[in-house]
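**Q** Attaching a single structure in structure tokens format; questions to follow.
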Amino acid sequence: MTFTEKIKTHAQKLGFELIGVTPAEESQTIRLYEKWLEKGYAGKMEYLEKHLPLKRDPRNCLPEAKSVISLAINYYTLDPAQELVENPARGQISRYAWGDDYHEVIRAKIRELTEFIDEAGGKELKQKIYVDTGPIIEREYAQKAGLGWIGKNTNFINWQSGSWYFLAELLVSVELEYDWQLPRGSCGTCTLCIEACPTDAIVAPNVLDSRLCISYLNIELKDSIPRELRPRMGNLIFGCDICQEVCPWNSMATPTSEVGFQPREENIAPNLLSLINMSQAEFSKRFRNSPVKRAKRRGFLRNVAVALGNWGNRRAVPALKRALNDDEALVRGHAAWALGVIGGGSAKDALDARLGVETEAQVIDEIKDALRVMAQSTQKVVLADPLAHSDGND
Ligand code: SF4
Ligand code: SF4
């Protein structure tokens, strides 16, 4: 067995299903990436701009690098009952965040691989690990190694098992045997993901405007979510899987046996009302070692408030009234929006009361807008039914 074959066999034993090796050389898609940044599609993810010089060539990350080992590990587990995930009183969390923090799970596995390489190849070898967020155009190297292609939804897709994969890379300072085969499969004439995207974030095949993408809005964006996009977010409270769910290549996905990726029961369609008033201690406990903690409490509760507004049920008003007095202005502002959408006398009283004491300009603006929305919808009801005088729901 050659050194490369030994590495691949060991990586497979560690749970990586797809493994490919390519030379550590200049990126061939960097110009496309630059253009994407120039158009502002990265939104407020400034770190992507900062990563640009490093992304031009993996040797900018590890000068001695000779090879890129691309690794993919499947995180597909189960399909929860449709009526559960579509229930607007419940929130949806992206599949990849149902289990433990994948960064930790994968890094531990690659560390084991580096130890194996050290033992088999000599301690003088230099290695560098990247899991998901590193300054390397990982999909390019995975595609070059023949592991799959980049779909129109911008996800990496394998022709046998679809796109529920985490990608990771290991740079090593030794020449290996390289994979040159072209990936099988393609999107062909399919446009299902483009049509299914609720916010039209896939602005052209393979081009994502992150500023519109729900996964950006409810995880990466740390500020207020643009009001016009909130109604399109439905009950998605962490990430969005829609453009992968509709992809025909995922019909062949098989469940992973990786223990760390098995869903925590509380992450499958949690009840929104059980989340909106979580304290910091409760949030930290519930999402310990979970990818969800990336949104932080303030961002997560912001998302839950939006989902409650989209649910539109008066049963959410008491919890939203408490959220209107949250310590975080971001939570108060989105709770105000949700109360405005739901409407009713009790919601209006709460908004009026908060307006009297609120000091944050952004929240004051949200409350005023919510009251304006409420007044408009009341006017519409009166115009439609001149005898209507009360919602009778408070
Ligand atoms: Fe659209 Fe959701 Fe896919 Fe983003 S993740 S492109 S919002 S379907
Ligand atoms: Fe490609 Fe269709 Fe899958 Fe989109 S849904 S990534 S167009 S195969």
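None of the figures in this text is laboratory data; all of them are computed from the coordinates on show. Keep in mind the model is a prediction, meaning the values are calculated, not measured. Cβ sites come from the backbone with ideal geometry, for glycine too, and all protein chains shown count toward neighbours.
**Q** Which residue, chosen from F283, G312, S346, occupies the Cα position most advanced towards the positive end of the dipole of region 271-394, where the dipole is computed from +1 (Lys, Arg) and -1 (Asp, Glu) charges on Cβ about the Cα centre?
**A** Highest projection toward the positive end goes to F283.
**Q** Under 10 °C and 1.306 mPa s, how fast does region 183-324 diffuse according to Stokes-Einstein, given a Kirkwood radius computed over C-alpha pairs? Answer in µm²/s, whole number.
**A** The diffusion coefficient I find is 94 µm²/s.
**Q** Moving on. Which three extents, in angstrom, do the Cα atoms of region 272-333 have along their principal axes, listed largest first?
**A** 34, 21, 15
**Q** Okay, next question. If one computes P(r) from the Cα atoms of region 94-227, what percent of pairs lie at distances over 21 Å?
**A** So the pairs more than 21 Å apart make up 55 percent of the total in region 94-227.
**Q** Further question on the same structure: List the cysteines in the chain whose Cβ has no other cysteine Cβ under 4.7 Å from it.
**A** Cysteines lacking a close Cβ partner in the chain: C61, C187, C190, C197, C213, C240, C247.
**Q** Quick check: pseudo-label points 7 Å beyond the Cα along Cα→Cβ at E360 and T114, how many nm apart are they?
**A** 3.9 nm
**Q** Here is a follow-up. Cα atoms only, region 271-394: Rg and Dmax in Å?
**A** 15.3, 55
**Q** Find the centroid of the Cα atoms in region 218-263 and in region 34-96, then give the distance between the two in whole Å.
**A** So the two Cα centres are separated by 12 Å.
**Q** Under unit Cβ charges (Lys, Arg +1; Asp, Glu -1), what dipole magnitude, rounded to 20 debye, does the chain have relative to its Cα centre?
**A** Magnitude of the dipole: close to 480 debye.
**Q** Suppose R0 equals 22 Å. What FRET efficiency, 1/(1 + (r/R0)^6) with r the Cβ-Cβ distance, do R107 and T254 give to the nearest 0.05?
**A** E(calc), rounded to 0.05, equals 0.35.
**Q** Evaluate E = 1/(1 + (r/R0)^6) for V246 and N87, where r is the Cβ-Cβ distance and R0 equals 22 Å; express this FRET efficiency to the nearest 0.05.
**A** Taking R0 as 22 Å, the efficiency between V246 and N87 is 0.65.
**Q** Rounded to two decimal places and with Rh computed the Kirkwood way over Cα pairs, what is Rg over Rh for region 75-118?
**A** With Rg and the Kirkwood Rh in hand, the quotient comes to 1.24.
**Q** Computed over the Cα atoms, what is the radius of gyration of the chain divided by 2.2 N^0.38 Å, N being its residue count?
**A** Working: Rg = 23.8 Å, N = 394, 2.2 N^0.38 = 21.3 Å.
That works out to 1.12 for the chain.
**Q** Excluding residues fewer than 8 places away in the same chain, name every one of the lysines whose C-alpha is closer than 27 Å to that of K144.
**A** K6, K8, K13, K35, K39, K50, K55, K66, K109, K126, K128, K152
**Q** On C-alpha positions alone, give me the angle between the axis of helix 345-357 and the longest principal axis of the chain, in degrees, nearest 10.
**A** On a 0 to 90 degree scale, this one is about 80.
**Q** Let me ask something else about it. Which order do K293, K55, K380 fall in if you start with the one that has the fewest other Cβ atoms within 10 Å?
**A** K380, K293, K55
**Q** Calculate the spin-label point distance for K35 paired with E5, positioning each point 7 Å from the Cα along the beta-carbon direction, and give it in nanometres.
**A** Result for the modelled spin labels: 4.2 nm.
**Q** Report relative contact order for the chain in percent, whole number only (criteria: Cα-Cα under 8 Å, sequence separation at least 6).
**A** 18 percent
**Q** If you don't mind, there's one more thing I want to ask. Determine the sum of side-chain charges near T359: Lys and Arg each +1, Asp and Glu each -1, restricted to other residues whose C-beta is under 15 angstrom from that of T359. Intermediate values should be presented prior to the final figure.
**A** Details: positive: R332, R354, K368; negative: D326, D327, E328, E358, E360, D365, E366.
Value of the local net charge: -4.
**Q** Let me ask something else about it. As I understand it, the value is the acute angle between the Cα axis of helix 296-311 and the longest principal axis of the Cα atoms of the chain; what does it come to in degrees, rounded to 10?
**A** 50 degrees
**Q** Calculated FRET efficiency, R315 and R227, Cβ-Cβ r, R0 30 Å, to nearest 0.05? Don't jump to the answer; show the numbers that get you there.
**A** On the way: r = 23 Å, r/R0 = 0.77.
E between R315 and R227, to the nearest 0.05, is 0.85.
**Q** Give me I30, I129 ranked fewest to most by other Cβ atoms within 10 Å of their Cβ, as a rough exposure proxy.
**A** Lowest to highest Cβ neighbour count: I30, I129.
**Q** While we're here: I want the local charge near R286. Using Cβ-Cβ distances under 11 Å, sum +1 for each Lys or Arg and -1 for each Asp or Glu among the other residues.
**A** +3
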